[in-house]
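Remarks on the structure that follows.
The values are calculated or read from the model by the stated rules, or taken from the named source; none is laboratory data. Given the structure is predicted, the values throughout are model-derived calculations rather than measurements. Areas reflect the complete protein model, heavy atoms only, side chains present, ligands, DNA and RNA absent. Shrake-Rupley method; radii C 1.70, N 1.55, O 1.52, S 1.80 Å.
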Amino acid sequence: MKKLILASVFTFVGLTAFAQESDLVTIETSTEVVATAQDEYSEISIDELPDAVTAAVAKNYPTASIDKAYVNEDKEYKLEVSLEDGTAGTLYADENGNWLDQ
């Protein structure tokens, strides 16, 4: 029985160690569950990016290509990029090409 309890504790700790923060906020009421996005970005064409943003990517990440671009109401841009070596990531910038912490 002790082994079963110990195994359960290790499983719980292991699962919580890999829990990630969600982009959605869940609001529960007595009758329904409502999920809303915290950062509402809308996908845009890469051609719609400001020149300052594309120049910042080219300067700081010369081997990167922008795969997808998104913008929010504050004119902050979310960029999904991939490098020549196959790695991928997400960058955030303002309309002036300044990098943002997310």
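Counting just the residues of the range 84-100 that are within 15 Å of Ser65 (Cα to Cα) and over 17 Å from the mean Cα position of the chain (by Cα), which one comes out least open to solvent (accessible area, probe 1.4 Å)? Selected residue: Gly86.
Quickly run through the range 48-83 and pick out the residues that are part of a loop (DSSP other than H, G, I, E, B) and open to solvent by 70 Å² or more (accessible area, probe 1.4 Å). Step through it out loud before you land on a result.
The first filter runs over the range 48-83 and keeps only residues part of a loop (DSSP other than H, G, I, E, B), leaving 49-50, 61-63, 72-75.
Selection gives Tyr61, Pro62, Glu73, Asp74, Lys75.
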